[in-house]
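First up is the structure itself, then whatever we jot down about it.
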Amino acid sequence: PDRLVHGTTVSTNAMLQRSGATKAILTSAGFGDVLEIGRTRRMLASLYDPKFVRPPPLVPRPRRFEVAERCAADGSVLLPLDEQQLAEIGEQIRASGAQAVAVCFLHSWADPSNERRARDLLRIQLPDIWFTTSSEVVPEFREYERFSTTVINAYLLPVIDRYVKALATRLHSAGYHNPVLTMSSAGGVMDLDTARTLPVRTILSGPAGGVAGATWVASAVGLDDFITCDMGGTSTDVCLIESGRPSTSTESALMG
């Protein structure tokens, strides 16, 4: 074939089995508890449940680090990154045992310069640790959504990197040298370099591929309204298709 397009459940399984990297977060001073505060919302099913227990934060407090810096909502830099403090935090990150770090600064979607500078300096100081920034993962406003998505991206970085390298090695050894693409959670495709940088976009890669394939087959036989059921060894995924269009969402919730 001139190209190979595949779906993968590697990220899905890593999330469900809790087998990703030990993660930490570096954020603007005063915002270390964003992941714990969240949106202060409870799901309707648990709103009146007296036994409700809030899920633990994505990153425990000892691995949430704060550095002096500040960017305004209009993109102007109010406080440059404190690079001396950052170097001290780098040693704390090393001592924490973190394998991957999400760098998430306030309003970095408007100006990512402080975030990128922190990431680049820490990569020099800590070459064996994975780093990702919120401005490259979700360049949008709303801190909780951006921070939590970036933390998950950091969690999956080494998992997808190992998978991609193993896949490329086996394909090359089998004589395949054409492009390799993977399905994204949105139902499109991306190259392997993008998947390695933004593994969070592959969490629903396999299920999205199943829905896309089922929609194509249904269209070929003139079926517009149906339900897909994609069952594997770790999860079962169901999707409603009406008038030939799959149901979509811009948000996902994962609870343990």
Inset, instruction - Apply the Karplus parameterisation 6.51 cos²θ - 1.76 cosθ + 1.60, with θ equal to phi minus 60°, to every residue of the range 183-195 and state each ³J(HN,Hα) to the nearest whole Hz, in sequence, with x for glycine and proline. - result: 5, 9, 5, 7, x, x, 10, 8, 7, 5, 5, 5, 4
Inset, instruction - Please list the non-local residues whose amide H lies under 5 Å from the amide H of Leu181, H modeled 1.01 Å from N, same-chain partners needing a gap of 5 or more. - result: Leu4, Val5, His6
Legend entry - Rel. contact order, % - alpha carbon contacts under 8 angstrom, at least six apart, the chain: 23
Legend entry - Student exercise, the range 79-218 dipole from Lys, Arg, Asp, Glu Cβ charges, in Debye to nearest 20: 560
Inset, instruction - Please give the length that would be gained between His177 and Lys51 if that part of the chain were fully extended, namely 0.36 nm times their separation in residues minus their C-alpha to C-alpha distance (nm, one decimal). - result: 39.8 nm
Inset, instruction - Over the alpha-carbon set of the chain, divide Rg by the Kirkwood Rh and report the Rg/Rh ratio to two decimals. - result: 1.01
Inset, instruction - Round to the nearest 10 and give me the degree value, 0 to 90, for the angle of helix 205-220's Cα axis relative to the longest principal axis of the chain. - result: 30
Inset, instruction - Looking at the chain, send over the antiparallel percent of its DSSP beta bridges, to the nearest 5. - result: 45
Legend entry - Three-way shape call for the range 33-102 based on the alpha-carbon gyration tensor, with the a/c threshold at 1.5: oblate
Inset, instruction - Nearest 5 is fine: what % of DSSP beta bridges in the range 24-159 come out antiparallel, could you say? - result: 15
Legend entry - Estimated FRET transfer efficiency when R0 is 41 angstrom, pair Asp193-Phe226 (beta carbons, to 0.05): 0.70
Inset, instruction - Tell me the label-point distance for the pair Ile37, Ala218, using the 7 Å Cα-to-Cβ offset, in nm and rounded to one decimal. - result: 4.2
Inset, instruction - Apply the Karplus parameterisation 6.51 cos²θ - 1.76 cosθ + 1.60, with θ equal to phi minus 60°, to every residue of the range 80-90 and state each ³J(HN,Hα) to the nearest whole Hz, in sequence, with x for glycine and proline. - result: x, 4, 7, 6, 5, 5, 4, 4, 5, 5, x
Inset, instruction - Among Ala68, Leu16, Gly97, flag the residue with its Cα farthest along the positive direction of the charge dipole of the range 1-118, charges on Cβ as +1 for Lys/Arg and -1 for Asp/Glu. - result: Leu16
Inset, instruction - Determine ³J(HN,Hα), in whole Hz, for all residues of the range 27-35 in sequence, where each value follows from phi through the Karplus function 6.51 cos²θ - 1.76 cosθ + 1.60 and θ = phi - 60°; x replaces Gly and Pro. - result: 9, 5, 4, x, 10, x, 9, 4, 5
Legend entry - Long-range amide H partners of Phe31 with built H, under 5 Å: none
Inset, instruction - Rounded, prolate or oblate: pick one for the range 165-226, where a ≥ b ≥ c are the square roots of the eigenvalues of its C-alpha gyration tensor, a/c under 1.5 means rounded, and failing that, prolate if a/b is larger than b/c, else oblate. - result: oblate
Legend entry - Residues listed by number, the range 119-147, amide nitrogen under 17 Å from Leu78 label point at 7 Å toward C-beta: 141-144
Legend entry - For Arg70, residues with placed amide H under 5 Å, excluding near neighbours: Leu78, Leu79
Legend entry - Loop-located GluC sites (Glu not before Pro) in the range 105-211 whose Cβ has at most 15 other Cβ within 10 Å (DSSP): Glu140
Inset, instruction - Working from Cα positions, state the angle (0 to 90°, nearest 10) between the long axis of helix 143-173 and the longest principal axis of the chain. - result: 60
Legend entry - Three-way shape call for the range 117-174 based on the alpha-carbon gyration tensor, with the a/c threshold at 1.5: oblate
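Rule-based calculations on the coordinates, nothing more; no lab input. Because the structure is predicted, anything quoted here is derived from the model rather than measured. We place every Cβ from the backbone using ideal geometry, glycine too, and count neighbours over all the protein chains shown.
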